[in-house]
1. Out of the residues in the stretch B:1-45 meeting the condition of being free of Cβ contacts under 8 Å to residues at least 40 places away in the same chain and assigned to a strand (DSSP E or B), tell me which one is surrounded by the most Cβ atoms within 10 Å (Cβ to Cβ).
2. Which condition breaks for A:Ser103 when tested against (1) touching a Gly at 6+ places or on another chain (Cβ under 9 Å); (2) over 21 Å from B:Leu91 (Cβ atoms); (3) touching a residue at least 24 places away in the same chain (Cβ under 8 Å); (4) in a loop (DSSP other than H, G, I, E, B)?
3. With the structure loaded, tell me whether A:Asn29 is at pLDDT below 95 and not hydrophobic (A, V, I, L, M, F, W, C) or whether it fails that test.
4. Sort out which residues of the stretch A:84-100 are of a type in the set (Val, Ile, Thr) and either farther than 15 Å from A:Phe25 by Cα or without any contact (Cβ under 8 Å) to a residue 12 or more places away in the chain (or both), and write them in order of number.
5. In the stretch A:20-63, which residue that is of a type in the set (Gly, Ala, Ser) and over 25 Å from B:Trp34 (Cβ atoms) is surrounded by the fewest Cβ atoms within 10 Å (Cβ to Cβ)?
6. Do the conditions hold for A:Ala32, that is, is it touching a residue at least 24 places away in the same chain (Cβ under 8 Å) and among the small types (Gly, Ala, Ser)?
7. Any residue in the stretch B:94-113 that is more than 9 Å from chain A (Cβ to nearest Cβ) and at negative phi sitting within a Cβ distance under 8 Å of a residue that is outside any strand (DSSP E or B) and of a type in the set (Ser, Thr, Tyr)? List the pairs, counting only those 6 or more apart or interchain.
8. Could you tell me whether the stretch A:21-40 includes any residue that is more than 14 Å from chain B (Cβ to nearest Cβ), out of contact with any strand residue (DSSP E or B) (no Cβ under 8 Å at 6 or more places or on another chain) and polar (S, T, N, Q)?
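The values are calculated or read from the model by the stated rules, or taken from the named source; none is laboratory data. Predicted model, so just to flag it, every value in this text is computed and none were measured. FYI the Cβ positions are ideal-geometry reconstructions off the backbone, even for glycines, and counts take in every protein chain you see.
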Amino acid sequence: ILNVEQSPQSLHVQEGDSTNFTCSFPSSNFYALHWYRWETAKSPEALFVMTLNGDEKKKGRISATLNTKEGYSYLYIKGSQPEDSATYLCAFIENFNKFYFGSGTKLNVKP
Amino acid sequence: EAGVAQSPRYKIIEKRQSVAFWCNPISGHATLYWYQQILGQGPKLLIQFQNNGVVDDSQLPKDRFSAERLKGVDSTLKIQPAKLEDSAVYLCASSLMGGDTQYFGPGTRLTVL
């Protein structure tokens, strides 16, 4: 069983703060890395699909980077808003098929 | 486009009872996943189907859990008999093909007393 680690486990920030979290994964047998956002009482929703070393993806105030050689991805949120409060999950996909999720970073943005 | 449907949304049972969950994936999605998410942990893959065939069930506790995807569309996950440690959210997800973006259902929250 692969180890996909996310840090920190939880984060409390004030509205307007920028923040970032980390997903660490094995650097071998890499196929893709996904980021998902999971709001309370809702289903996880895909944010980014990242496949190439050096990939940078952006959606509004949220962006992500990928380093497959050293096995990490960063998720950045610029100017956090209360609606960004959610658990952010990363998933390492090995050899096309196997998904391994991290335990998530729970973000709470205070107004 | 309709999303992934799951039922029931909540279920409370006593230990040693049986329970079944149902999932209807997005139309045309060949790959279907069942996950178990215990509080404070990430989703753990229980079983992955490609059409009606099993791709990966290495983490499925086969002495008590079973799943099927007859006709390659709907799927059911059964637990028989349930244990206290089975209390979790059971998520179903589907994707066009293995490795693609997954689309999740709302989940079933199971409480075993």
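1. B:Leu45
2. (2)
3. yes
4. Scanning the stretch A:84-100 gives a single hit, A:Thr87.
5. Looking at residues that are of a type in the set (Gly, Ala, Ser) and over 25 Å from B:Trp34 (Cβ atoms), I get A:Gly60.
6. In short, yes.
7. Note: pairs meeting the criteria are B:Ser95/B:Thr101; B:Leu110/B:Ser87; B:Thr111/B:Ser87; B:Val112/B:Ser87.
8. yes
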